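Notes to accompany the following structure.
Nothing in this text is a laboratory measurement; each read-out follows from the coordinates by a stated rule. For clarity, every value in this text was computed on a predicted model and none was experimentally measured. Quick reminder, even Gly has a Cβ in these numbers, built from the backbone with ideal geometry, and neighbours come from all protein chains shown.
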Amino acid sequence: MTDLVLTLLGPDRPGLVELVAGVIAAHDGNWLESRMSHLAGKFAGILRAELPADRVAEATAALAKLESRGLKVTVEAAARAGQRVPDQVMDLDLVGLDRPGIVREISQLLAANGVNVDELVTNRSSAPMSGEMLFEARARVRVPPSTDVAKLQAELERVATDLVVEVKLTASAAPVSR
């Protein structure tokens, strides 16, 4: 079997997931995991599926034809993970008044420490009392065994103080597949 990662983008409307699921199933594939969302009138998603190696080219061609129905699909073969010491999976939660640069500052710090972002969900909402815009972020990250987590936490707190946000880094209770 071959693992594929697909990205999807198109104007949101009913039936888009079914279009992709139909192509995968028609080529003896299996839908493994996905993240999909409605953003600003668009449907955007990413998914991982496995297909028999001899059906990948045919399935990729069929997925490309979905563009004529308004859905752009990009297909990439997924790399197989090698044997290595597993990273520590952690959750990062951030909340504070919205301002430009929050994601950039936090992501720069994570990258500088070798931390990989597996999943990131952000949102803006109106603060209950003041009505000001709040920025919220939740991330699932992988921290390499060589990273000093206490030092990382201290660096995050320093940046959070500069950004005037609250940030919390905790060991994740939920497993993450890869």
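Are there GluC sites (Glu not before Pro) in the range 63-164 that DSSP puts in a loop and that have at most 10 other Cβ atoms within 10 Å, and which ones?
Glu132
Given R₀ = 35 Å, what would the calculated FRET efficiency be for Ser68 paired with Thr2, taking r from the Cβ atoms and rounding to 0.05?
0.90
Provide the gained length on full extension for the span Glu119 to Glu58, in nm with one decimal, where the gain is 0.36 nm per separating residue minus the Cα-Cα distance. Show your work: numbers first, answer last.
Values: separation 61, 0.36 × 61 = 21.96 nm, distance 2.99 nm.
Here the answer is 19.0 nm.
Suppose the chain between Asp12 and Asp162 were pulled fully straight at 0.36 nm per residue; how much longer would it get relative to their current alpha carbon spacing?
50.2 nm
Using 0.36 nm per residue of separation minus the Cα-Cα distance, give me the extension gain between Ala112 and Glu33 in nm, one decimal.
Once the chain is fully extended between Ala112 and Glu33, it gains 25.6 nm.
Using a Cα-Cα cut-off of under 30 Å, which lysines could be cross-linked to Lys65, ignoring same-chain neighbours fewer than 8 residues away?
Correct list for Lys65: Lys42.
Straight-line reach from Lys168: which lysines fall under 26 Å, measuring Cα to Cα and dropping same-chain residues less than 8 apart?
Answer for Lys168, where 26 Å is the Cα cut-off: Lys151, listed by chain and number.
Rounded to the nearest 20 Debye, what is the dipole magnitude of the range 2-77 about its Cα centre when Lys and Arg each give +1 and Asp and Glu each give -1 at the C-beta? List each step's numbers first, then the result.
Numbers: 8 positive and 10 negative charges, 78 e Å.
Value, rounded to 20: 380 debye.
Taking a cut-off of 20 Å, what percent of all Cα-Cα pairs in the range 88-171 are separated by more than that?
The proportion of pairs with Cα distances above 20 Å equals 29 percent.
Considering the chain, what Rg and Dmax in Å follow from its alpha-carbon atoms?
So, for the chain, Rg and Dmax equal 19.4, 58 Å respectively.
Using only helices, what value at 222 nm comes out for the chain when you add -39,500 (n - 2.57) per DSSP H run of length 4 or more and divide by the total residues, to the nearest 500 deg cm²/dmol? Provide the component values of the computation, followed by the final result.
Values: 4 runs with 46 residues, N = 178.
For the chain, the value works out to -8000 deg cm²/dmol.
Please give the charge dipole size of the range 88-171, origin at the Cα centre, charges +1 on K and R Cβ atoms and -1 on D and E Cβ atoms. Round to the nearest 20 debye.
The dipole magnitude comes to about 120 debye.
Could you list Lys168, Lys151 so that the one with the fewest beta carbons within 10 Å of its beta carbon is first and the one with the most is last? Before the final figure, lay out each step's value.
Values: Lys168 13, Lys151 10.
Final ranking by Cβ density, sparse to dense: Lys151, Lys168.
Can you tell me the FRET efficiency between Ser130 and Glu105 if r is taken as the Cβ-Cβ distance and R0 is 25 Å, rounded to the nearest 0.05? Present the calculation step by step, with values, prior to reporting the outcome.
Values: r = 23 Å, r/R0 = 0.91.
The pair Ser130/Glu105 has a calculated efficiency of 0.65.
Any idea what angle helix 102-112 forms with the longest principal axis of the chain, computed on alpha-carbon atoms, 0 to 90 degrees, nearest 10?
With rounding to tens, the tilt is 80 degrees.
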